[in-house]
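Colleague: Input: one structure, supplied below.
The values are calculated or read from the model by the stated rules, or taken from the named source; none is laboratory data. In this text the structure is predicted, and so the values were computed from the model without any measurement. Here the Cβ positions follow ideal geometry from the backbone for every residue, glycine too, while neighbour counts run over all protein chains shown. In case anyone asks, the SASA skips ligands and DNA or RNA and just uses the protein heavy atoms, side chains included. Shrake-Rupley method; radii C 1.70, N 1.55, O 1.52, S 1.80 Å.
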Amino acid sequence: MRKSFQDDIAILKKLNLPRIWNGIKVLLSFYWSKWTNAPKTWGSPIAFAIEPTTACNLACPECPSGLRSFSRPTGNLKKEVYEKAIDELSKNALYLSFYFQGEPYINPNFLDMVSYARSKKMHTSSSTNAHFLNDENAKKTVESGLDRLIISIDGTSQEVYEQYRVGGKLEKVIEGTKNIVKWKKMLNSKSPLLIFQFLVVKPNEHQMQEVQALADELGVDELRFKTAQVYDYKKGNPLIPDNEQYSRYRKQHDGTYEIKNKLDNHCWKMWHSCVITWDGKVIPCCFDKDAQFVMGNVVEQSFNTIWESDKYKSFRSQLFKGRDQIEICKNCSEGTKVWA
């Protein structure tokens with residue numbers, strides 16, 4: 001499906017002078033840091049993600065939520081934690097993603113949080129397995145002002161879908177999608193931009209053309225194919241697709257696999273974004289799923305204190321010395337390109 005420009009336009013509408021100036025400072029500080037091999041941060045995050053919950057109704061492989069394998073505490077994001085973070089960051093931050101681990105709609109206050117971010121004129125996005133998009137929630141989602149909603153659909157038949165989305169029902173995904181499309185029409189709303197995300201794995205790669213047809217049929221705005229991260233990939237993995245274009249890994253001459261990313265010793269994400277867990281922990285990025293690298297906590301400190309802390313500077317410095325020596329970076333496919 002052709003890319004829609006609705007999302008780009010929605011983001012541009014949220015720009016103002018403080019956010020533009022902050023973005024310029026962040027960009028300049030990133031390139032200055034690369035040039036000098038010494039981290040400087042001359043702005044605050046352009047974007048960040050916040051975790052509504054760690055709970056999930058499915059049991060997907062390769063997902064700590066699905067496997068219930070967290071070593072960190074689990075729970076739902078509280079209003080006071082969320083609003084403190086938003087109040088501190090929204091002046092300069094343009095983009096907010098309501099997703100890290102877990103299914104956002106399990107948090108009963110999720111859509112109220114979206115509305116609060118909307119009141120701060122932030123661009124908002126979330127990702128869901130669509131099992132909670134009943135008629136009422138679909139209407140509330142459109143009314144909340146959510147700018148972008150990603151629906152995970154990893155198969156066009158129940159047999160294939162449930163091989164990755166363990167415990168899930170494809171009929172619920174289709175029903176939820178129809179409900180969003182219906183309420184967008186009824187409320188005469190262009191938002192949320194509705195995106196089907198198809199995680200390409202070996203069990204479903206033969207259905208890539210079929211999901212394109214399904215997305216068109218249902219009235220979805222965009223379809224995106226996403227490569228899958230797997231933890232045990234070196235000796236191969238049954239989830240790695242045969243189609244190398246949609247694999248993060250390549251097979252070597254000895255039959256083992258390596259990650260395609262060169263792991264250059266820098267990372268744009270460390271300058272322009274971060275993740276805040278449900279209990280207020282600030283961590284470097286979405287690859288730190290178990291919060292091994294906690295930079296601070298917004299419940300106990302101001303965000304700027306955390307962002308400018310020696311601990312954060314030390315972590316950024318490690319990137320220049322050897323990104324492949326940082327555990328959460330070893331299986332990373334992002335961060336080396338600006339705007340990637």
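Colleague: Taking the range 143-175, which residues are touching a residue at least 40 places away in the same chain (Cβ under 8 Å), more than 20 Å from the chain's Cα centre (by Cα) and in a helix (DSSP H, G or I)? Write out each step before concluding.
Modeller: Initially, the range 143-175 is screened for residues touching a residue at least 40 places away in the same chain (Cβ under 8 Å), giving 143, 145-157, 160-161, 163-168, 172-175.
Subset that is more than 20 Å from the chain's Cα centre (by Cα): 143, 155-157, 160-161, 163, 166-168, 172, 174-175.
Answer for the range 143-175, where residues must be touching a residue at least 40 places away in the same chain (Cβ under 8 Å), more than 20 Å from the chain's Cα centre (by Cα) and in a helix (DSSP H, G or I): E143, V160, Y161, Q163, K172, I174, E175.
Colleague: Of everything in the range 145-180 that's of a type in the set (G, A, S) and out of contact with any Ser or Thr (no Cβ under 7 Å at 6 or more places or on another chain), which residue is surrounded by the fewest Cβ atoms within 10 Å (Cβ to Cβ)?
Modeller: Among those residues, the one meeting the criterion is S157.
Colleague: Can A228 be described as within 23 Å of the chain's Cα centre (by Cα) and at pLDDT 95 or above?
Modeller: Judged against the criteria, A228 is not a match.
Colleague: Please verify whether the range 92-103 includes one or more residues that are open to solvent by less than 40 Å² (accessible area, probe 1.4 Å) and under 19 Å from E175 (Cβ atoms).
Modeller: Yes, there is a match, as at least one residue in the range 92-103 is open to solvent by less than 40 Å² (accessible area, probe 1.4 Å) and under 19 Å from E175 (Cβ atoms).
Colleague: Just to be sure I understand the filter: pairs with C-beta atoms under 6 Å, separated by 6 or more residues or on different chains, first member in the range 67-81 and closer than 19 Å to N297 by Cα, second member among the small types (G, A, S). Which pairs pass?
Modeller: Sorted first by the residue in the range 67-81, then by its partner, the pairs are R72/A291; V81/G280.
Colleague: Condition first: open to solvent by 50 Å² or more (accessible area, probe 1.4 Å), touching a strand residue (DSSP E or B) at 6+ places or on another chain (Cβ under 9 Å) and either closer than 28 Å to C286 by Cα or not in a helix (DSSP H, G or I) (or both). Now tell me which residues in the range 181-220 satisfy that. Lay out the reasoning, then the answer.
Modeller: As a first pass, look at the range 181-220 and keep what is open to solvent by 50 Å² or more (accessible area, probe 1.4 Å): 182, 185-188, 190, 202, 206, 209-210, 212-213, 216-217.
Filter again for touching a strand residue (DSSP E or B) at 6+ places or on another chain (Cβ under 9 Å), leaving 212, 216.
The one that is open to solvent by 50 Å² or more (accessible area, probe 1.4 Å), touching a strand residue (DSSP E or B) at 6+ places or on another chain (Cβ under 9 Å) and either closer than 28 Å to C286 by Cα or not in a helix (DSSP H, G or I) (or both): Q212.
Colleague: Which of the helices (runs of 4 or more DSSP H) found entirely inside the range 1-110 contain at least 2 residues meeting this: aromatic (F, W, Y)?
Modeller: Counting at least 2 such residues, we get 17-36.
Colleague: Could you please find all residues in the range 111-124 being in contact with a Ser or Thr (Cβ under 7 Å, 6 or more places away or on another chain), open to solvent by 10 Å² or more (accessible area, probe 1.4 Å) and assigned to a helix (DSSP H, G or I)?
Modeller: First, pick out the residues of the range 111-124 that are in contact with a Ser or Thr (Cβ under 7 Å, 6 or more places away or on another chain): 111, 114-115, 117-118, 120, 122.
Filter again for open to solvent by 10 Å² or more (accessible area, probe 1.4 Å), leaving 111, 115, 118, 120.
Scanning the range 111-124 gives L111, S115, R118.
Colleague: Can you name the residue in the range 254-288 that is buried (at least 19 other Cβ atoms within 10 Å of the Cβ) and over 26 Å from L27 (Cβ atoms) and is also modelled with the lowest pLDDT among such residues?
Modeller: Within the range 254-288, the match that is modelled with the lowest pLDDT is Y257.
Colleague: Taking the residues in the range 221-235 that are acidic (D, E) and assigned to a loop (DSSP other than H, G, I, E, B) as candidates, determine which candidate is least open to solvent (accessible area, probe 1.4 Å).
Modeller: So the residue we want is D221.
Colleague: Since S127 meets every condition but one in (1) part of a strand (DSSP E or B); (2) surrounded by 22 or more Cβ atoms within 10 Å (Cβ to Cβ), which condition does it not meet?
Modeller: Here S127 meets the rest and fails (2).
Colleague: Any chance the range 72-91 includes a residue that's within 15 Å of the chain's Cα centre (by Cα), buried (at least 21 other Cβ atoms within 10 Å of the Cβ) and under 21 Å from L133 (Cα atoms)?
Modeller: Checked against the condition, which is being within 15 Å of the chain's Cα centre (by Cα), buried (at least 21 other Cβ atoms within 10 Å of the Cβ) and under 21 Å from L133 (Cα atoms), the range 72-91 yields no hits at all.
Colleague: Conditions first: (1) within 22 Å of the chain's Cα centre (by Cα); (2) at pLDDT 95 or above; (3) over 19 Å from T305 (Cα atoms). P45 passes all but one, so which condition is the exception?
Modeller: In the conditions (1) within 22 Å of the chain's Cα centre (by Cα); (2) at pLDDT 95 or above; (3) over 19 Å from T305 (Cα atoms), P45 misses (3) alone.
Colleague: Another question, then. Just to be sure before I move on: is N297 under 15 Å from R72 (Cβ atoms), surrounded by fewer than 19 Cβ atoms within 10 Å (Cβ to Cβ) and either modelled with pLDDT of 95 or more or touching a strand residue (DSSP E or B) at 6+ places or on another chain (Cβ under 7 Å) (or both) in the structure I sent? Give the derivation first.
Modeller: Values: under 15 Å from R72 (Cβ atoms): yes; surrounded by fewer than 19 Cβ atoms within 10 Å (Cβ to Cβ): yes; either modelled with pLDDT of 95 or more or touching a strand residue (DSSP E or B) at 6+ places or on another chain (Cβ under 7 Å) (or both): yes.
In short, yes.
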